[in-house]
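Read through the structure below, which is laid out as structure tokens, and then see the notes.
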Amino acid sequence: MIASARCVIDIAYAPCKGKKTGERTLMFEILKRWNQSCYLFLFDAGFYSFSLACHMFETGQNYIMKVAKSVKLKPIPGSHMPDGSYLSILKGKVVESVDPRTGRNNWRKVEITVRVVEFRIPGFRPVRLISTLLDPAIAAKEIVLHYHKRWDIEIAYDEIKTRQCATLKGHI
């Protein structure tokens with residue numbers, strides 16, 4: 001079942017310039033406040049980072065995320081599913097703590113199993129998605145359909161920006 005409400009459930013503010021003001025930083029601020037595991041987060045390619053995948057894994061959050069070709073996603077032997085998707089392991093390091101004496105980061109290695117779904121819509125470039133939805137009962141096609149529901153929020157943002165807010169040139 002696909003459910004979408006086109007409503008904004010949280011928001012983060014920051015200055016428009018400088019460090020710690022980008023979309024990724026603000027998104028992490030929102031994710032820190034969300035501890036319910038009943039949501040499915042949909043991330044476009046610009047949001048992928050190992051630290052995001054690790055955060056979502058460690059907090060038990062489910063997601064579908066578009067990833068670039070540069071992200072290495074080697075199939076786990078024997079993990080190919082009948083729908084063409086497969087399991088892969090993301091490997092990386094995350095900051096575990098900071099040494100108070102030296103200010104140096106202490107790192108820990110993390111491995112995360114994700115499901116990889118690759119597809120292509122005629123006339124468009126191929127797309128790769130990773131997801132925490134590992135259950136083979138969930139078809140790859142369902143994951144792709146869920147991912148495309150992210151456009152509902154883009155439509156909601158458009159409604160807020162162009163129809164509900166005053167602009168510099170008009171509508172008060």
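Kindly indicate the residue of segment 123-148 that is of a type in the set (D, E, K, R) and not in a helix (DSSP H, G or I) and also nearest to Ser79 (Cα to Cα) among those meeting that condition.
Filtering segment 123-148 for residues that are of a type in the set (D, E, K, R) and not in a helix (DSSP H, G or I), the one nearest to Ser79 (Cα to Cα) comes out as Asp135.
Given the condition surrounded by 14 or more Cβ atoms within 10 Å (Cβ to Cβ) and more than 24 Å from Leu145 (Cα to Cα), answer yes or no: does some residue in segment 113-122 qualify?
No - not one qualifying residue is present in segment 113-122.
Cβ contacts < 8 Å: first residue farther than 13 Å from Ser131 by Cβ, restricted to segment 99-121; second residue among the hydroxyl-bearing types (Ser, Thr, Tyr) and modelled with pLDDT under 95, any location; separation 6+ or different chain. Result?
That search, which allows pairs on different chains as well, returns Asn105/Ser97; Asn106/Ser97.
With the requirement that a residue be among the β-branched types (Val, Ile, Thr) and not in a loop (DSSP other than H, G, I, E, B), what does segment 69-118 give you?
Of everything in segment 69-118, those that are among the β-branched types (Val, Ile, Thr) and not in a loop (DSSP other than H, G, I, E, B) turn out to be Ile89, Val94, Val95, Val98, Val110, Ile112, Thr113, Val114, Val116, Val117.
Going through Ile130, Ile138 one at a time, which residue ends up being over 19 Å from Gly46 (Cα atoms) and surrounded by 13 or more Cβ atoms within 10 Å (Cβ to Cβ)?
Within the list Ile130, Ile138, the selection yields Ile138.
If you check Leu87 against the conditions, is it buried (at least 18 other Cβ atoms within 10 Å of the Cβ), out of contact with any Pro (no Cβ under 6 Å at 6 or more places or on another chain) and under 13 Å from Arg128 (Cα atoms)?
yes
Of the residues that sit in segment 17-38 and are within 11 Å of Thr59 (Cβ to Cβ) and part of a loop (DSSP other than H, G, I, E, B), which one is least open to solvent (accessible area, probe 1.4 Å)?
Trp34
Can you work out which of the residues in segment 68-84 that are over 18 Å from the mean Cα position of the chain (by Cα) and of a type in the set (Gly, Ala, Ser) is most open to solvent (accessible area, probe 1.4 Å)?
Gly78
The values are calculated or read from the model by the stated rules, or taken from the named source; none is laboratory data. This one's a predicted model, so the numbers in the text were calculated from it and none came from an experiment. Because the Cβ atoms are built from the backbone with ideal geometry, glycine has one as well, and the counts that use them run over all protein chains shown. All accessible areas refer to the heavy atoms of the entire protein, side chains included, with ligands and DNA or RNA removed. Shrake-Rupley method; radii C 1.70, N 1.55, O 1.52, S 1.80 Å.
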